[in-house]
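Let me begin by presenting the structure, written as structure tokens, before commenting on it.
The values are calculated or read from the model by the stated rules, or taken from the named source; none is laboratory data. Only a predicted model underlies this, so the values are computations on that prediction, with no experimental measurement involved. In this analysis, Cβ positions are derived from the backbone assuming ideal geometry, glycine residues included, and neighbour counts consider all displayed protein chains.
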């Protein structure tokens, strides 16, 4: 159970990496990715934000509130993380939304536990006058 929780936590640390060709969206994704706690990036997620993570044949959904609690925990604030590779597979835009599919490899250390893996995912973002807001992420790990 602890390993699954750490895996989910790492996925959330990296869920925001759904990068794009737009520098503004790219900056937002890296801000979310590198945040030490959730309070500094809370406004970059829609209140109704959800993420679905498929890992080892099991899936889980995590809300913005649950992600906040997880990322604001002391152990996650002190986590070390690094992206080894990142690839944008596709990007599509409408007047109001951007969708991005991506994959990346990461290494992380949470407490004394080292975790590494590859994530494939898709993100949906709402365009606003102030930039972008994350609506939903789906990823496989």
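Which of the residues spanning segment 101-125 are loosely packed, with under 15 Cβ neighbours inside 10 Å and either closer than 25 Å to residue 43 by Cα or touching a helix residue (DSSP H, G or I) at 6+ places or on another chain (Cβ under 7 Å) (or both)? Across segment 101-125, the qualifying residues are 111, 113.
Considering segment 16-32 alone, what residues qualify as being at pLDDT below 50 and within 14 Å of the chain's Cα centre (by Cα)? 16, 17, 18, 19, 20, listed by residue number. Residues in segment 33-64 that are part of a helix (DSSP H, G or I) and within 23 Å of residue 111 (Cα to Cα) were compared, and the one that is nearest to the chain's Cα centre (by Cα) is 33. Taken over segment 74-100, residues that are over 17 Å from residue 28 (Cβ atoms) and surrounded by 17 or more Cβ atoms within 10 Å (Cβ to Cβ) amount to 2. Scanning segment 107-131 for residues being touching a strand residue (DSSP E or B) at 6+ places or on another chain (Cβ under 8 Å) and free of Cβ contacts under 8 Å to residues at least 40 places away in the same chain gives a total of 8. If residue 71 meets every condition in (1) under 14 Å from residue 135 (Cα atoms); (2) surrounded by 14 or more Cβ atoms within 10 Å (Cβ to Cβ); (3) in contact with a helix residue (DSSP H, G or I) (Cβ under 7 Å, 6 or more places away or on another chain) apart from one, which number is that one? So residue 71 meets the others, but not (1).
Per the listing 134, 92, the residue uniquely over 25 Å from residue 36 (Cβ atoms), assigned to a strand (DSSP E or B) and either free of Cβ contacts under 8 Å to residues at least 12 places away in the same chain or touching a helix residue (DSSP H, G or I) at 6+ places or on another chain (Cβ under 7 Å) (or both) is 92.
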